[in-house]
Amino acid sequence: MSKEKTTRITVNADVLRSEIRDKSVKVLDIRKEEDYKQGHILGAVNFPLSSLLADDSPDKVLQYTQSFGIDDETPVVVYDDTFGALASRVAWTLQYIGHDEVSLLDITYGSWKKLGLETTVESPSISKKTHSLKLQPQILATADYLMPAKEKGAILMDNRERLNFLENHIPGAINIPYRMLASPQNILRPKDELKRFMQNRNLSPDSEVITYCGSVGTLSGLGYYALKSIGIPNVRLYVHSFKEWKSLEKPIEKQNDANYWDLSAE
């Protein structure tokens with residue numbers, strides 16, 4: 001049996017509002033600073049994705065985590081206004097340095113506002129805390145890991161748009177565009193629906209799945225959490241994704257007729 005914690009993948013607005021009132025959660029807003037300053041969820045700390053991408057080394061991420069007032073036991077909820085993709089990348093990075101209690105808000109900030117839920121322009125006061133560093137290599141895939149894992153039966157999931165996939169992709173990858181993971185209301189489809197969707201694409205709970213996207217692991221971060229949400233424990237994120245794969249001049253598959261939309265898998 002895999003040692004899988006019962007960490008919640010997503011949190012709904014009602015639960016988050018209750019936890020904010022209880023001051024039992026740390027909320028991270030992944031939008032740009034100028035957007036955050038115009039209004040954000042009560043108590044949220046701004047952590048623009050660009051800050052993370054400037055240096056996502058474990059030591060730097062640990063520094064950020066501690067400066068936000070997060071210790072090992074602090075439940076964290078992450079949100080964005082970009083269908084959950086940016087939030088997913090940050091949540092995964094916190095998980096990689098060993099923070100278990102991290103979840104995605106199941107709606108975007110835009111949806112939160114449309115629902116008339118409370119927002120503020122005030123930035124919270126933060127007390128720095130201490131957090132340990134326990135890297136989780138089992139959720140990370142490197143370029144060198146991919147092909148040997150695939151030969152042993154791992155599934156490579158490309159979360160880019162269909163046309164990008166058809167033009168070129170890592171050999172043997174399947175395409176599940178990120179847009180197919182969401183529902184109109186939420187960043188991820190309901191679990192039962194998502195489970196059927198993945199089963200129809202031959203993904204089972206005992207599959208090892210490696211997700212990747214175009215460059216920085218945002219769209220594939222959403223893919224990672226979609227799989228985790230339906231109970232697939234053995235998922236890795238190829239965080240540097242297709243951009244790195246191409247730069248390393250690794251093998252690439254191209255579709256001969258990639259100038260049309262192939263909707264056969266939709």
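Since every read-out is calculated from the coordinates, none of them should be taken as a lab result. Values in this document were obtained by computation on a predicted structure and should not be read as measured data. Here Cβ is always computed from backbone atoms with ideal geometry, including for glycine, and neighbour counts include all displayed protein chains.
A few notes on this one:
- Residue-averaged [θ]222 nm for the chain, counting only DSSP H segments that reach four residues, each worth -39500 (n - 2.57): -9000 deg cm²/dmol
- Label-to-label distance for Asp206 and Asp72 is 3.4 nm, based on points extended 7 Å past Cα in the beta-carbon direction.
- Shape class for segment 87-214: oblate, because the ratio a/c of the largest to smallest gyration tensor axis (alpha-carbon atoms, square roots of eigenvalues) is 1.5 or more and b/c is at least a/b.
- Within segment 102-125: backbone nitrogen closer than 11 Å to the Arg21 label point (7 Å, Cα to C-beta): none
- Proximal lysine pairs, segment 10-135, alpha carbons under 27 Å, eight or more residues apart or interchain: 28
- In nm, spacing of pseudo-spin labels at Leu248 and Leu163 (7 Å Cα→C-beta vector): 2.9
- When only Cα pairs below 8 angstrom with a gap of at least 6 residues are kept, segment 138-247 shows a relative contact order of 33 percent.
- Rounded Å value of the spacing that divides the Cα centres of segment 112-190 and segment 20-56: 18
- Relative contact order %, the chain, counting alpha carbon pairs below 8 Å whose residues are six or more apart: 19
- Three-way shape label, segment 131-174, alpha-carbon gyration tensor, a/c 1.5: oblate
- Given the alternatives (i) 62, 41, 31; (ii) 55, 38, 37; (iii) 60, 39, 38, Cα extents along the principal axes in Å as computed for this entry is given by (ii).
- Rough spin-label spacing in nm, given labels placed 7 Å along Cα→Cβ, for Gln38 and Leu133: 3.7
- Structural descriptor for segment 10-135: relative contact order 35 percent, calculated from alpha carbon pairs under 8 angstrom and at least 6 residues apart.
- DSSP finds beta bridges in the chain, and of those with both partners inside it, around 10 percent are antiparallel.
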